[in-house]
1. Part of a helix (DSSP H, G or I) and within 27 Å of S181 (Cα to Cα), is that true of D100?
2. Would you tally the residues in the range 42-77 being without any contact (Cβ under 8 Å) to a residue 12 or more places away in the chain, open to solvent by less than 50 Å² (accessible area, probe 1.4 Å) and part of a helix (DSSP H, G or I)?
3. If L208 meets every condition in (1) at pLDDT 95 or above; (2) surrounded by fewer than 15 Cβ atoms within 10 Å (Cβ to Cβ) apart from one, which number is that one?
4. Restricted to the range 119-156, and to residues that are farther than 17 Å from F97 by Cα and in a loop (DSSP other than H, G, I, E, B), which residue is least open to solvent (accessible area, probe 1.4 Å)?
5. Collect the residues in the range 78-90 that are assigned to a helix (DSSP H, G or I), in contact with a helix residue (DSSP H, G or I) (Cβ under 7 Å, 6 or more places away or on another chain) and within 25 Å of V101 (Cα to Cα), keeping them in residue-number order.
6. Tally the residues that are open to solvent by less than 50 Å² (accessible area, probe 1.4 Å), among the hydrophobic types (A, V, I, L, M, F, W, C) and in a helix (DSSP H, G or I), restricting the search to the range 164-198.
7. Pairs, please: C-beta under 9 Å, at least 6 apart or cross-chain, first residue under 13 Å from G224 (Cβ atoms) and in the range 263-276, second modelled with pLDDT of 70 or more and open to solvent by 80 Å² or more (accessible area, probe 1.4 Å)?
8. Given the conditions (1) open to solvent by 60 Å² or more (accessible area, probe 1.4 Å); (2) touching a residue at least 40 places away in the same chain (Cβ under 8 Å); (3) assigned to a helix (DSSP H, G or I); (4) under 30 Å from V101 (Cα atoms), which single one is not true for D250?
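The values are calculated or read from the model by the stated rules, or taken from the named source; none is laboratory data. As the structure is a prediction and not an experimental result, all values here were calculated from the model. Here Cβ is always computed from backbone atoms with ideal geometry, including for glycine, and neighbour counts include all displayed protein chains. SASA here: full protein model, heavy atoms, side chains in, ligands and nucleic acids out. Shrake-Rupley method; radii C 1.70, N 1.55, O 1.52, S 1.80 Å.
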Amino acid sequence: MSDKHYENFPVASLLLPRRLRRPVGVIYAFARQADDFADEGDLEDEVRLTLLDGFRSELRRITAGTAPETSLFHDVAAIVAEYSLPLEPFFDLLDAFSQDVVKKRYENFAEVMDYCRRSANPVGLLLLHLYGAATPRNISHSNAICSALQLINFLQDIAIDYHDKDRIYLPLDELAKYRISEDRIAQGDTSGMWRMFMLFQIERTRKLLQSGAPLGYILPGRIGLEMRMIILGGETILRKLHRSGGDVFDDRPVLKPGDWVFMFARALLPMRKARKRL
């Protein structure tokens, strides 16, 4: 999983209440460092897996009530205790990072979504616990948003994942249906049915993101504003992907300063309407 994934979630954003910035920062420090074990440098796969197992051992110490051995996990233990956070999402993230080391292709969309369940959804679940809002309905919305953001990242980084990491997160059966070979990805070839394939991926991801969008209105105050910004960021990337016909090789979509201004203005609208009703 590319570290770019976490850029879709504003880390310890100024939009968040001050009391939550420290625990959010700890969660992302954990995720980023584990992600680096799986992706960065020229380490052998066995070494990467051993490093991730070291993180699991630290989590098990917290589970057993014994003191962790590293400063990062002292911080993790502190926020777990203070906010009654579940440890399962941390373990799920480690499972996803380990999978990145050993699995490079995904046969179908179900396999991709199973990966998203462990690579992205745990972050949203932990944030909901921090917010004191981890209800079944909110978790369902959060899972949809997080999985959609992960899928958006996969679409953004098709070329990067293939050339830098020899990974393809696109379902192989769907690539075959649209007659797209790995060679086409290697060459950045958008001829034939590439546009149709990408528009299918974009529309499916857009529907998933929209299914979770009510969470931006359910969560109150600055937390809701933060969530609406996250959702709008995903929507903006999808619009850019659609506009280019999915040509991520020559026109990889990114959020620019003007996009952030527009997104912030849109995210504020519900707050303005609420003030008018008071």
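1. Here the answer is yes, as D100 does meet what is asked.
2. 2
3. Unmet for L208, out of (1) at pLDDT 95 or above; (2) surrounded by fewer than 15 Cβ atoms within 10 Å (Cβ to Cβ): (2).
4. Among those that are farther than 17 Å from F97 by Cα and in a loop (DSSP other than H, G, I, E, B), it is A133.
5. Passing the criteria: P89, F90.
6. Here the count works out to 7.
7. Taking only residues 6 or more apart or on different chains, the pairs are P270/Y217.
8. Status for D250: all satisfied but (3).
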